[in-house]
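S.K.: Below you'll find the structure I mean.
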Amino acid sequence: MGILRAALFFIAVPLIAAEQPVVRELGVPVRAVSWVRLHPGRGPDGKASLLASMGQNNGGLFVLDIDLATGHCRQFNAPSKADQYPTASFRSPQTGILYVGPHTDGHLLRYDPAHPERRLEDLGAIDGEHMTFPTGIDEAPDGGIWIGAYPNATLSRFNPATGRITRFGPMDDQDQYLYPLCGADGTIAAATNAVHPHIVVFDPATGAHRTVGPVVSPEVEGQHIQFFKGQDGFLYLDSYAGKFRIRGGRAEPVGYLPAQMPGTDATFKHGYQEVLPMPGGLIAGWADGDEGAGIFRTVLIKSTSSAVPDRTLDLDWRGDGTNIFLIHRGPDGLIYGSSFLPEHFFRCAPDGSGMVNLARCSESLGETYSMGNFSDGMMALASYPGSHISLYDPRKPYHYGTAVGANPRDVGRLEDVSTRPIAMVIVPPLITRAGAAVPERMWIGAAPNYGRWGGTLDWLDPRTLAHGSHRNVVRDCFPYSMLWLPDLRQLLLGITAEGGTGTRPKAMHGAFVLWDPANDEPVYSGNFGLADLRDVIAMARCDDGRVYALSGNTRYPANLLGAPVSPPRLSLLDPATRRVVADAPLPPALGEVCEQSQYTLFRGPDGIYGVTKTALYRLKPGTCETEVVWRAPAGDAIDIPGPWIGRTFFFSTGWRLRTLALPPPRP
């Protein structure tokens, strides 16, 4: 009997194991780089020298010391893998040393070409816990390194002689971004962004700072400022209100502006010294960079002398992986996706075979926020920044461009307000009240640009490129999640109170909006009876027409910019009667909601599922009760949820594309 029990036990173990979900690795679709800058200068031997700084996720950012004869790169990765994006970098014309300010720990890094054995050094935290990443770096005549940062527009100074960092705190009480420049006369000034861009001058002797010159309102058409260093070394401002020289703590009106010192436009720019000539008159640029495919493998070397022919250098840097930002099932059944900074488009079969990085798909080169499939087999891609729309036919050869015949073709923006096209729905053909036919259209909910409030609800006819837009569907808010409700022939919009990046929310509550796409008008706006509704961040439709909604805070840390913290809640809604059927907090044990929160509720093989960073869960039909289907092991995570194909769920962890296969349903 004991032998029989033992035999049954060993038979049962594999049967139980076979009933568990199985995770499979499909591969790394994209190995690209972002925040790329060239840093020409003079090497320790006095000859021409070229450095580059590049961001990546797997392994962290790195610096290249490029051999101008061969293209061979000495590659120095950041000491911490958390340092992924060189959001600010600057090469000193005085010393040839490269300073890098990384996202996300806000440390200052240094590479000295005279001492490559020191590699990429960590000089410590720039502003302690008060900043996430540097936004700009410049050098004063005395050799001090001045650093602006996000958030709170903080200003700091690094003294290379002592290794000490002095922190001067926020330079504005509303703007979050700061871009400093140092004049030849010792003037320290900075441009802020993005709520009311303006210039701040700083007095190092007293620590005092004040606004000078005109202040921009992003909502006023035509207002602008351009802050730069002239070739005479002084600081200048070109603006809607006139031309100014910044010195002596004042903005002095001038009749003309000198030529700009190349690479020193600090008005919301992230590139420095990218076009400065090196000794010998050599000028380096990218042959395959932002204006091309975004590959950054080929450097074009020109000369100020017409007698010297152009040549190219093929670089041999090693990329280890770029985070995935979006995963989508195309109309052909294949898996498509976008990487995160830079925006590269990739494709593979559901089993991971045939994986290919198709590279550029948009003028944006940021991220593809949403994708959709049209009934004729075409695809739509909506990208940040600028909410650019690209149309792609998977049946035709891949050839990116903006002209007719390109595939995908970037057809541009639908309006000039939004920048993050977060939600997309394809709505089938409809008939208006007057009996007119409305063709199949793509609808997008998008966040407003930096420093603005009130996003957009846009539509596009992909065949004629006719389009329309509505702003402030709910005042100072925008549609963050969307569903097509075929029974009601209406769109359900989940509204967030979030403003554009760099702003503090003005609205205190989100909402639901029912929209009639045939007649292009709202039908209902309200909260369905949910008190203190914050941001509606995800929705999924049940077979009976009811809708699950997840509310709480969106992808950015709410407490960082003053928004009230709202723990996530699940609600079961009946849009037809506009009432709440059930409501409950999302159990804290499920973990934090994913950053791409608009995709965290979805229809699965046998009901409605949800996902957090550490768990896949299923909702018990008709309730807000949850049951865990799979929990990520310690140290693992679900970063970006993707589609289902049968009983297989696609997702990513960082740069890795993965699947989670559920066991067959029990009889």
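Values quoted throughout were computed directly from the atomic coordinates according to the rules given, and no laboratory measurement underlies them. Bear in mind the structure is a predicted one, so any value in this text is a computation, not a measurement. Reconstructed Cβ throughout: ideal geometry from the backbone, glycine too, with neighbour counts over all protein chains shown.
S.K.: Going by a ≥ b ≥ c, the root eigenvalues of the Cα gyration tensor, does segment 187-272 fall in the rounded group (a/c under 1.5), the prolate group (a/b larger than b/c) or the oblate group?
M.R.: rounded
S.K.: If you don't mind, another one. Taking every pair of Cα atoms in segment 126-267, average 1/r, invert it to obtain the Kirkwood radius, and report Rg/Rh to two decimals.
M.R.: 0.95
S.K.: Right, something else. Could you please tell me the mean projected area of the C-alpha convex hull for segment 282-437, averaged over all directions and given in square nanometres to one decimal?
M.R.: 13.0 nm²
S.K.: Given +1 on the Cβ of Lys and Arg, -1 on the Cβ of Asp and Glu, and no further charges, what dipole in debye does segment 126-267 carry about its Cα centre, rounded to the nearest 20?
M.R.: The dipole of segment 126-267 has a size of about 320 debye.
S.K.: On to the next question. Taking +1 at the Cβ of each Lys and Arg and -1 at the Cβ of each Asp and Glu, which of Ala140, Leu181, Ala241 sits farthest along the dipole of segment 126-267 towards its positive end, judged by Cα position relative to the Cα centre?
M.R.: Highest projection toward the positive end goes to Ala140.
S.K.: Within segment 82-151, which chymotrypsin sites (Phe, Trp or Tyr not before Pro) sit in a loop by DSSP and count at most 13 neighbouring Cβ atoms inside 10 Å?
M.R.: Passing both the DSSP loop test and the Cβ count: no residue.
S.K.: Assign unit charges at the C-beta atoms only (+1 for Lys and Arg, -1 for Asp and Glu), then state the dipole size of segment 569-625 relative to its Cα centre in Debye, rounded to the nearest 20.
M.R.: My answer is approximately 120 debye.
S.K.: Using a Förster radius of 22 Å, what is the FRET efficiency between Glu521 and Arg603 based on their Cβ-Cβ separation? Nearest 0.05, please.
M.R.: E(calc), rounded to 0.05, equals 0.20.
S.K.: Continuing with this model, one more query. Highest mean first, what order results for 375-385, 525-535 on Cβ atoms within 10 Å?
M.R.: 375-385, 525-535
S.K.: Another question, then. Relative to the present Cα-Cα distance, how much length would full extension add between Leu430 and Thr464 at 0.36 nm per residue of separation?
M.R.: So the extension gain works out to 10.6 nm.
S.K.: Suppose the chain between Val220 and Arg118 were pulled fully straight at 0.36 nm per residue; how much longer would it get relative to their current alpha carbon spacing?
M.R.: 31.8 nm
S.K.: Report the full-extension gain for the segment Asn58 to Asp320: residue separation times 0.36 nm, less the Cα-Cα distance, to one decimal in nm.
M.R.: Here the answer is 93.8 nm.
S.K.: Further question on the same structure: Can you tell me which of 46-57, 613-624 comes out highest on packing, and rank the rest after it, using the mean Cβ neighbours within 10 Å?
M.R.: Ranked by mean Cβ neighbours within 10 Å, highest first: 46-57, 613-624.
S.K.: Okay, moving on. Just give me a number: lysine pairs in the chain, eight or more positions apart or cross-chain, with C-alpha atoms less than 30 Å apart.
M.R.: So the count of such lysine pairs works out to 12.
S.K.: I need the peptides 80-89, 512-521 ranked by packing, meaning the mean over residues of other C-beta atoms within 10 angstrom, with the highest value on top.
M.R.: By packing density, highest mean first, the sequence is 80-89, 512-521.
S.K.: Along the charge dipole of segment 487-646, Cβ charges K/R +1 and D/E -1, which of Val580, Ala634, Val565 sits furthest on the positive end?
M.R.: Projecting each Cα onto the dipole axis, the largest value belongs to Val565.
S.K.: For the chain, compute Rh as the Kirkwood radius over C-alpha pairs and then the Stokes-Einstein diffusion coefficient at 10 °C and 1.306 mPa s; write the answer in µm²/s, rounded to an integer.
M.R.: D, rounded to a whole number, is 59 µm²/s.
S.K.: Taking Cα pairs under 8 Å and at least six residues apart, what relative contact order does the chain come out at, in percent?
M.R.: 9 percent
S.K.: Sequence gap at least 6, Cα distance under 8 Å: using those rules, report the relative contact order of segment 283-335 to the nearest whole percent.
M.R.: It comes to 24 percent, rounded to a whole number.
S.K.: Which residues make up the longest stretch of the chain clear of GluC sites (Glu not before Pro) that lie in a DSSP loop with no more than 11 other Cβ atoms within 10 Å, not counting the sites?
M.R.: By the stated rule (loop sites, at most 11 other Cβ atoms within 10 Å), 292-667.
S.K.: Against the longest principal axis of the chain, how steep is helix 2-18, in degrees 0 to 90 to the nearest 10, with axes from Cα atoms?
M.R.: On a 0 to 90 degree scale, this one is about 60.
S.K.: Right, another one. Assign unit charges at the C-beta atoms only (+1 for Lys and Arg, -1 for Asp and Glu), then state the dipole size of the chain relative to its Cα centre in Debye, rounded to the nearest 20.
M.R.: The dipole magnitude comes to about 780 debye.
S.K.: If R₀ is 51 angstrom, what is the calculated FRET efficiency for the pair Gln174 and Asp45, using the beta carbon separation as r and rounding to 0.05?
M.R.: Efficiency computed from Cβ-Cβ geometry: 0.60.
S.K.: Ok, one more. Can you tell me how segment 441-506 classifies by the Cα gyration tensor, rounded, prolate or oblate, using a/c under 1.5 as the rounded cut?
M.R.: It is oblate, given that a/c is not under 1.5 and a/b is not larger than b/c.
S.K.: Across segment 316-328, in residue order, what do the Karplus-derived ³J(HN,Hα) couplings come to in whole Hz, using 6.51 cos²θ - 1.76 cosθ + 1.60 with θ = phi - 60° and x for Gly and Pro?
M.R.: Ordered by residue, 3J(HN,Hα) equals 10, 5, 10, x, 10, x, 10, 4, 7, 10, 8, 10, 8 Hz.
S.K.: Pop out the ³J(HN,Hα) list for segment 112-123 in order, Karplus 6.51 cos²θ - 1.76 cosθ + 1.60 with θ = phi - 60°, rounded to Hz; leave Gly and Pro as x.
M.R.: Per-residue couplings from phi come out as 10, x, 6, 9, x, 5, 7, 6, 9, 8, 9, 8 Hz.
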